[in-house]
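Heads up, the thing below is written out as structure tokens.
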Amino acid sequence: MFLSKEPLYFSSCVNLYKVTRTLKPGSDLQRERKNQVMNISLVDFDVHPEKVSKQIVLPNKREVLLRPLRPDDASILGTYFLSLSQETRNLFAPHPFDQATADALCAQIDSTREMRLLAIVKEGEIERVVAYFITLFYVYDGDRKRYEEWGIPLNDATDCQIAPSAADDYQGTGLGRMMMEHLVELYRALGYQRIVLLGGVRQHNEQAIGFYKRFGFRTVAEFTTKAPNYHMIANL
Ligand SMILES: CC(C)(COP(=O)(O)OP(=O)(O)OC[C@H]1O[C@@H](n2cnc3c(N)ncnc32)[C@H](O)[C@@H]1OP(=O)(O)O)[C@@H](O)C(=O)NCCC(=O)NCCS
């Protein structure tokens, strides 16, 4: 089991190691969650990742494969983490960005609890991760408590959580939009009713806030960690 000694960030997009260690295993409802028509279920994602994979073409004609993280992705995920600029790391801080973290994440994949969707391009013979979107199929305790204080109960059965990131040179290319469209379709098919930001968003992060608003997110509250944040939620 991976144990992080890193401090909790509790900025935008919380430290998921804490989540992994403190939350109960997926509920029966999560494990059995499936969409009969589309023939998909959370349990399937690890075994049949092709069911939630998709080839897309960006507006700039670049071909990108969307697929969930696999156990053998540690090297390309680590390269992605190490490539992120300090600016992006300051905005997107769910966990440390190093090879050890990538190794640990690839060793603890559990599709009944979460999905880490990768966007992958081919650069010559090399595969490169150019975006990494985390979805939790449960509610992180820290966010649940905050929302309770604001009078908005969150529900593991109908609320999922998201923390998105794209490589610096792929931000603003339409990649995030296309990944989100893919995910929204998936969340709906699985019966989720709302998407809640994981750990909120920095108030100065205009790019991400514009991105969230485009998908119907609305601000529900403000809170301050190391800096002021908004918490945002969207109906599906
Ligand atoms: C947030 C993020 C994942 C969005 O992905 P992206 O690929 O840059 O987004 P897209 O280019 O697909 O843009 C999608 C929408 O976001 C909005 N958007 C994009 N750039 C924006 C900007 N600079 N200002 C305001 N809105 C913006 C637009 O509504 C856009 O829709 P449109 O193209 O139809 O106009 C990406 O920018 C990123 O990784 N940012 C740094 C990390 C981060 O902040 N993560 C979130 C932490 S809470």
Considering only region 100-111, state which residues are in contact (Cβ under 8 Å) with a residue 60 or more places away in the chain and surrounded by fewer than 21 Cβ atoms within 10 Å (Cβ to Cβ). ALA104, ALA107, GLN108, ILE109, ASP110
Filter region 173-209 down to the residues that are within 27 Å of GLY151 (Cβ to Cβ) and either of a type in the set (Phe, Trp, Tyr) or surrounded by fewer than 21 Cβ atoms within 10 Å (Cβ to Cβ) (or both) and list them by number. VAL184, TYR187, ARG188, LEU190, GLY191, TYR192, GLN193, ARG194, GLN203, HIS204, ASN205, ILE209
If we keep just the residues of region 163-190 that are of a type in the set (A, V, I, L, M) and in contact with a helix residue (DSSP H, G or I) (Cβ under 7 Å, 6 or more places away or on another chain), which is farthest from the ligand (Cβ to nearest atom)? LEU186
Considering ASN60, ASN35, which residue is surrounded by fewer than 19 Cβ atoms within 10 Å (Cβ to Cβ), more than 16 Å from ILE109 (Cβ to Cβ), out of contact with any His (no Cβ under 6 Å at 6 or more places or on another chain) and modelled with pLDDT under 65? ASN35
Select from region 77-92 the residues that are part of a helix (DSSP H, G or I), among the hydrophobic types (A, V, I, L, M, F, W, C) and buried (at least 18 other Cβ atoms within 10 Å of the Cβ) and list them in ascending order. LEU77, PHE81, LEU91
Find the residue count for region 191-216, including only residues that are more than 9 Å from the ligand (Cβ to nearest atom) and either small (Gly, Ala, Ser) or more than 15 Å from ILE152 (Cα to Cα) (or both). 5
Of all strands (runs of 3 or more DSSP E) fully inside region 108-227, the set with 3 or more residues that are closer than 26 Å to SER41 by Cβ is 114-123, 126-136, 159-166, 194-197
Filter result for the condition that a residue is closer than 26 Å to GLU181 by Cβ and among the charged types (D, E, K, R), over ARG128, ARG144: ARG128
If we keep just the residues of region 46-64 that are in contact with a Leu (Cβ under 8 Å, 6 or more places away or on another chain) and either in a loop (DSSP other than H, G, I, E, B) or of a type outside the set (Val, Ile, Thr) (or both), which is farthest from GLY172 (Cα to Cα)? SER53
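The values are calculated or read from the model by the stated rules, or taken from the named source; none is laboratory data. Please read these numbers as outputs of a predicted model, since none were measured by experiment. Positions of Cβ are generated from backbone atoms using ideal geometry, with glycine treated the same way; all protein chains shown enter the neighbour counts.
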